[in-house]
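Nothing in this text is a laboratory measurement; each read-out follows from the coordinates by a stated rule. What you are looking at is a predicted structure, and each value in this text was computed from that prediction instead of being measured.
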Amino acid sequence: MTHSEHDEELASAIMALATPELPQYFSRLVKCLAAFDNLIIIAYHGEHRPAVLYREYTDPVVYLPMDSQYLGGAYLLDPFYREHLRGGVQGIRRLMDVAPDHFRRTHYYKNYYQQTTLLDEVAVFASITESVTLTACLGRDCSSGKPFNKRELQALRQYGMTLSSLLKKHWQDYRSDNVMKAAPAPVEERLREALNQQHSIRLSPRQAEVALFILRGHSSLSISLHLGVSLQTVKVFRRQLYAKCCISSQAELFALLMPLFARLTEHG
């Protein structure tokens with residue numbers, strides 16, 4: 001697409017601000033930079049359950065697990081959700097650039113992400129308020145069968161702040177239904193409570209923290225760097241965690257904890 005054609009799409013998107021048509025014009029603008037198979041715009045509200053504002057797709061299979069599994073608790077393990085919690089994130093992020101080092105080994109990746117058939121995902125982040133972040137996630141799935149190339153990624157990064165600003169301006173007055181609700185307890189605390197209620201397993205705060213790091217796909221080395229403790233200390237935490245849960249593997253940890261995630265979002 002020529003520069004003038006891209007300029008026309010940008011002008012059309014600007015004119016569509018504050019109208020219901022903005023998402024479609026935004027989609028057309030992004031497609032000038034990188035052809036995608038699917039697009040979903042999600043609003044994250046603090047640690048409450050997120051909301052889907054817009055979606056489009058080539059193959060509907062990509063969003064089949066979205067409403068039940070992702071919004072039902074899997075989002076807690078999403079690297080993009082973790083980026084939102086950092087606060088004030090703007091511009092472009094590629095999933096594999098922000099994902100933990102062992103992300104592809106996780107239950108989230110193998111049992112949720114792979115069934116979507118997504119091969120690559122890039123998000124435009126727009127920070128609306130201190131607690132609300134919008135992400136426009138564009139993906140490549142089995143429809144095209146290939147990830148974004150270097151030229152497309154470069155184009156997206158070049159226009160990252162323009163795309164972010166369009167989202168921010170259009171949804172500047174967005175407020176979720178959760179805005180008047182009290183913020184939920186930290187996820188580590190909710191996990192400890194659910195594990196105690198369901199299985200009478202009492203984890204310490206640090207053990208619950210390590211469990212969540214493992215679920216998100218962090219290696220022991222990565223956990224040690226995040227917690228500022230030695231690798232040997234992390235290995236001790238893992239042994240204590242496995243002993244308390246009467247398990248001996250990461251797979252068993254996933255099997256034990258993943259069913260609890262829906263309970264962690266019940267009040268979100």
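Considering only CYS246, CYS137, CYS32, give the residue with the highest GNM mean-square fluctuation for the chain, with springs between Cα atoms whenever their separation is below 10 Å. Of the options given, CYS246 has the highest mean-square fluctuation. Averaging Cα coordinates gives a centre for the range 24-94 and one for the range 200-241; these two points are 28 Å apart.
Shown here: the range 145-268, whose C-alpha atoms stretch 50, 40, 33 Å along the first, second and third principal axes, sorted largest to smallest.
Is the shape of the range 7-85 rounded, prolate or oblate, going by the alpha carbon gyration tensor and its root eigenvalues a ≥ b ≥ c, with a/c under 1.5 for rounded and a/b larger than b/c for prolate? Note, shape of the range 7-85 comes out prolate.
Springs between Cα atoms under 10 Å define the GNM used for the chain, and in it the highest mean-square fluctuation of ALA182, ALA51, ALA194 occurs at ALA182. Under the shape rule built on the C-alpha gyration tensor, where the axes satisfy a ≥ b ≥ c, the range 21-163 is rounded, since a/c falls short of 1.5. For the chain, modelled as a GNM whose springs connect Cα atoms under 10 angstrom apart, the maximal fluctuation among ALA251, ALA74, ALA13 occurs at ALA251. Taking the Cα atoms only, what angle lies between the long axis of helix 205-216 and the longest principal axis of the chain, rounded to 10 degrees? Once rounded, the angle reads 50 degrees. Computed on the range 204-268, the Cα convex hull volume stands at 93 Å³ per residue. Dimensions of the chain along the principal axes, based on C-alpha atoms and rounded to the nearest Å, stand at 63, 41, 35, largest first. Helical runs (DSSP H, four residues minimum) scored at -39500 (n - 2.57) apiece and divided by the length of the chain put the mean residue ellipticity at 222 nm at -12500 deg cm²/dmol. Of all the Cα-Cα pairs you can form in the range 92-223, what percent are over 27 Å apart? The share of Cα pairs beyond 27 Å in the range 92-223 comes to 41 percent.
Of all lysines in the structure, those lying under 23 Å Cα to Cα from LYS235, and not within fewer than 8 positions of it along the same chain, are LYS244.
Report, to the nearest 10°, how far helix 187-199 tilts away from the longest principal axis of the Cα atoms in the chain, using its own Cα long axis and a range of 0 to 90°. So the helix axis and the longest Cα principal axis differ by about 50 degrees. To the nearest ten degrees, helix 231-245 and the longest principal axis of the Cα atoms of the chain are 70 degrees apart. Residue separation of GLN232 and GLN154 scaled by 0.36 nm, minus their Cα-Cα distance, works out to 24.1 nm of gained length.
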